[in-house]
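Structure record follows, encoded as C-alpha cells.
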Amino acid sequence: MNLSTEGCLVSNVAGAAMQRGLDAIGKPDAAVIVSENFAETVQRLDPSSGLYDTDRGYGVVGGRTIHHDGHTTVVINHAVVSSASVAEIERLLAHEGGHVLLHAQDEAAFVVQPDRSTSGLAWLRMIAELAIEEFRVERRAAEAGYPVAGLATPSSMNDQMFDFTCQVFEALHAPESDDVFLFASKVLAAQHRLTISLGYLAGAVVDGGTLVSVDDLSTFGNQCWNELIARSWQERLDLYRRIPAAGTSWGGSVRATHLRQAAEVERKLLRDTGFTIQSNDARPDSKWAFRRSGTDAMFEARWQQLVAEGDLRDDANAADAP
C-alpha cells in the first residue's frame, strides 16, 4: 500500500488493518490517502464532484475511490476511521479495494450529473449501473470471506427505507416539485441511495450466503420491504447472479444487455414506489415524462406508516437522552 496522510496521523494498527483489507481483495499496492478534510481532498482529485457531501442519510461516507490523471487513489475519511474498530477499517479498505479492481479493468461506472437533457431511460440506467458497481464490489468482498457490510444490516436497512420514504414525501410536497425535472430529481436521487444499499445486500446474498428475513426488520421496515422492494427483489437477484464480482471481466454486449435489464428492474422499483417514467432513447429529441402513478389511498397508508415510525423513533431518542 502506498499510504499518505493529509492533516492527520494513522496509527500502525490502523495502517496494518488497511493493508489486510487491500491484500484480501487483491490490490495490495493501492494508493491510499487518509484525509482530515475528506470532502476537500475528494474535490481536489475529482473536480467534477462539485460541492461534495459526505452525508448519506443514515451514515457518513468512509471512503471514495477516484481515478484521476491516469491513476487510481483511495481517499479515506479520517473522521470515520479514527473512531472505527480494526475490523471496520479492514472491511472499509477491502470494499474500496474492490473499486480499485474495477478501475484497473476500466469497468467502473462513469458518473455524470443528470440534467434536463437526460432521458428517463438513461437516468434509470445510471442508477442501475451504480447499484451494480456496489454489488460487484460487495460480491468480491463476500468471496474474500467478509460478512455483510454495515450498510446492508437489518438495522441499517430499516434506516435506509425510513430515509427513502421521507425523501419521497418531501418530493411530493415540495413547492418546486411543480417542475417535472426537479420532481424527478428528488425521487430518483432517493431511489439511487436506496439501490446502493440493495447492491450491498445483494452482494452478500449472492456470494456470502446471507439470507434476507423480513422478520429481522422493524414493523415499518417489514412493511416497506414488502410493499416497495419485494416484487422486484428476486428479479434483481436473478440478474445480479449473472454479473461477476469485481476483478472478473464484464463488458461488451453482455454488459449492455445486463444494464438494459437492470434499468427495467429499477423501473419496477419506481413503479412500486408509486411513480412512472417514460422516454424514448431512440429519439434524442423526444420528451420524457415523470408522474405520480400510485393511488391516493396507497400514499395515505404509507404516510400513516411513516408518521407511526417517526413517533417511535422520537420516543426512542427521548428515552436515550441523558
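The values are calculated or read from the model by the stated rules, or taken from the named source; none is laboratory data. Treat the numbers as computed from the prediction; the structure is a model and nothing was measured. Neighbour counts are summed over all protein chains in view; Cβ atoms, including those assigned to glycine, are modelled from backbone coordinates with ideal geometry. Note: accessible area is taken over every heavy atom of the protein model, side chains too, but ligands, DNA and RNA are not part of it. Shrake-Rupley method; radii C 1.70, N 1.55, O 1.52, S 1.80 Å.
Results, tabulated for the structure shown:
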quantity	calculated
Nearest-ten-degree value, helix 12-25 long axis tilted from longest Cα axis of the chain	70
Positive-end extreme of charge dipole, the chain - chosen from N77, I243, L269 (charges on Cβ)	I243
Rounded accessible area of D238 (nearest 10 Å², 1.4 Å probe)	70
Accessible area of segment 114-321 belonging to carbon and sulfur atoms, whole % at 1.4 Å probe	51
Dipole moment magnitude, nearest 20 debye, the chain about Cα centre, only Lys, Arg, Asp, Glu C-beta charged	1060
Selection of chymotrypsin sites (Phe, Trp or Tyr not before Pro), segment 91-144, meeting DSSP coil and at most 10 other Cβ within 10 Å	F110
Inter-centroid distance (Cα atoms) of segment 206-274 relative to segment 77-94, Å	27
Degrees between helix 120-143 axis and first principal axis of the chain (Cα, 0 to 90, nearest 10)	40
Approximate spin-label separation Q261-D179, in nm, with each point projected 7 Å along Cα-to-Cβ	3.8
Heavy atoms of K268 accessible to a 1.4 Å probe, total area in Å² rounded to 10	60
The chain: angle of helix 230-240 to the longest principal axis, Cα-based, in degrees nearest 10	40
Calculated from backbone phi, Karplus (6.51, -1.76, 1.60) coupling profile of segment 308-322 in Hz, x at Gly/Pro	4, 5, x, 5, 4, 5, 5, 5, 5, 5, 5, 5, 7, 5, x
Computed Kirkwood radius, in angstrom, where 1/r is averaged over Cα pairs of the chain	20.7
HN-Hα J in Hz across segment 97-109 - Karplus 6.51, -1.76, 1.60, θ = phi - 60°, x for Gly and Pro	x, x, 5, 4, 4, 5, 5, 4, 9, 6, 10, 6, 5
Net charge dipole size for segment 1-146 [Lys, Arg +1 and Asp, Glu -1 on Cβ; Debye, nearest 20]	200
Full-extension gain in nm, F169 to V13, via 0.36 nm per residue minus C-alpha separation	51.7 nm
Where the chain is the region considered: accessible area per residue in Å², 1.4 Å probe	47
Extension gain, S293 back to A104 (0.36 nm per residue minus Cα-Cα distance, nm)	63.8 nm
Calculated P(r) of segment 1-104 - Cα pairs past 18 Å, %	42
